Amino acid sequence: MSTLYRHKPVTPSRRAIARFSLSETAQYAKLTLGLWIGFAIPSYLGYPDAAVSLASSAMLTLALGSSISAARSYFHQRVASNVVAMPLGTLVIWLTAPHLWLGAFLLPLVIFAIVGIKPSLFKMTSITVPMTLVLYTGEHIGLLEQRLIGVVLGMFLGYIIQLVAFPPDHGYWANTLVNDGNQQATEAMSLLATGTFGQQKIKPLTAKLRASSANLKQAHTLLKEDLEQAWVSLHLKRNRDRLPLFGCYHEVFDSLANFLETMDRFHDQFTALDAQWRAAFLAGLSKLVSAHQELAKAADLRVERPALEKAPLEMEQLRQLIEALPASSVFTSVYLGHLTGYGILLCRLSELHCE
């Protein structure tokens, strides 16, 4: 058996750091570092005129790059935009001097032509600022050099701060969402399995589960993108092997939210079904919920537990359960489809936990 999901829970101090890295306070702290360091370095080296440009560029990287991959992507885009746009724009202004109105007329035509050649690299949000600054600096090469040095070094500084100063721990966030989603899902499905649920209870549970599903998808994507970087912190490597698990749990939560919405929308039709078929359906659902609860315990890393020795649900068990529920109408087919989808995803989770 693999030890993929048997690593020990993180220590309380690491949990505290992980929670802090995902907070707005951490963002404020990094923005402050970007301002202080970006302003102090050029001032200390005797280039106070470049301090504002360097510090503002560092803060822009941190503000708009909320993850390691996003900071790197924005760094590339903005550096490329400035390195290309400002020299070309300055050349246009220089060639048309002293007629600034002519330079202002030609400047967007030249720059947007460059954007059209490589739109994936030159974003409008990154290209318009250097265009505006070109009109301000005019043909003064010294100001151009100062701007380019400040942007390149400032953006790089912001990227480095994002890497080393409380980098956001999306893996911890994903694990938290898995725990929350499992609690919400098993609570909702257990309620359905009792057959005493009411429509007023389904909607709030569905909304919570849908939110957990959407957030888990985002955390999974951010973790995957950050892991693709050339240099990765240990806090991300810790959850690299759990990527397939996060993806599957997102599918489970999304599927169950759809299940709950169907039960809410067609509540009257379900209660009007044959009592014997409905009882068998709820009994089968109860078995799936029990399997889900076992999987939820295995996925929870807050408490150290032995790995699963046996899959809580296998395809053969699911096949027997489904065959005992013949679909004799449109609505029985719909409910059986949701039950089957839930069971298949639980089988997949069982494989991931036990492979």
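The values are calculated or read from the model by the stated rules, or taken from the named source; none is laboratory data. These numbers come from a predicted model, not from an experiment. Methodologically, a virtual Cβ is constructed for each residue, glycine included, from the backbone with ideal geometry; neighbour enumeration extends over all protein chains shown. These area figures cover heavy atoms from the full protein model, side chains too; ligands, DNA and RNA do not enter into them. Shrake-Rupley method; radii C 1.70, N 1.55, O 1.52, S 1.80 Å.
Computed with a 1.4 Å probe over protein heavy atoms only, the accessible surface of the chain comes to 50 Å² per residue. Which FRET efficiency, nearest 0.05, do Ala275 and Glu304 yield, Cβ-Cβ r, R0 45 Å? According to the calculation, E is roughly 0.50.
Here the dipole of the chain is about 480 debye; that uses its Cα centre as origin and unit charges on the Cβ of Lys and Arg (positive) and Asp and Glu (negative).
Overall, the accessible surface of the chain at a probe of 1.4 angstrom is composed of carbon and sulfur to the extent of 62 percent.
Legend: P(r) of segment 310-351 from all alpha carbon pair distances, 10 Å bins from 0, whole percents, reading 30, 49, 18, 3. Under a no-solvent Debye model with one identical scatterer per Cα of segment 149-237, what's log10 I(q)/I(0) at q = 0.13, 0.14, 0.21 Å⁻¹? Each listed q corresponds, in turn, to -0.59, -0.64, -0.97. Ellipsoid fit via the Cα gyration tensor, segment 167-312: semi-axes of 33, 17, 11 Å, each the root of five times an eigenvalue, largest first. Counting only DSSP H runs of at least 4 residues, each contributing -39500 (n - 2.57), and dividing by the residue count of the chain, the helix-based mean residue ellipticity at 222 nm comes to -26500 deg cm²/dmol. Mind checking which lysines have their Cα closer than 27 Å to the Cα of Lys297? Skip sequence neighbours fewer than 8 apart in that chain. Candidates past the 8-residue exclusion: Lys8, Lys201, Lys203, Lys208, Lys217, Lys224, Lys237, Lys287, Lys310.
A simple spin-label model places the labels of Ser286 and Ala63 5.8 nm from each other, with each point 7 Å out along Cα-to-Cβ.
Projecting label points 7 angstrom from Cα along Cα→Cβ for Glu316 and Arg14 puts them 3.9 nm apart.
Under 8 Å for C-alpha pairs, at least 6 residues apart: give me the relative contact order for the chain, rounded to a whole percent. Taking the mean separation of contacting Cα pairs over the length of the chain, I get 20 percent. Taking a ≥ b ≥ c as the square roots of the eigenvalues of the Cα gyration tensor, an a/c ratio of 1.5 or more together with a/b no larger than b/c marks segment 16-86 as oblate.
Annotation for segment 159-222 versus segment 74-100: alpha-carbon center distance of 46 Å. In whole percents, the pair-distance distribution calculated for the chain from its alpha-carbon pairs, binned every 20 Å from zero, is 25, 38, 26, 11, 0. For Phe112 and Ala207, a Förster radius of 35 Å and the Cβ-Cβ distance give a FRET efficiency of 0.20, rounded to the nearest 0.05.
Using R0 = 30 Å, the C-beta based FRET efficiency linking Val83 and Tyr44 works out to 0.75. Relative contact order of segment 1-113, taken over Cα pairs closer than 8 Å and 6 or more residues apart, is 14 percent.
Full extension of the chain between Ser333 and Lys297 yields a length gain of 9.8 nm, computed as 0.36 nm times the residue separation minus the alpha carbon distance.
The mean sequence distance of close C-alpha pairs (under 8 Å, at least 6 residues apart), as a share of the length of segment 240-355, puts its relative contact order at 41 percent.
Treating each Cα of segment 238-291 as one equal point scatterer and applying the Debye formula with no solvent, the log10 of I(q)/I(0) at q = 0.16, 0.19 Å⁻¹ comes out as -0.65, -0.80.
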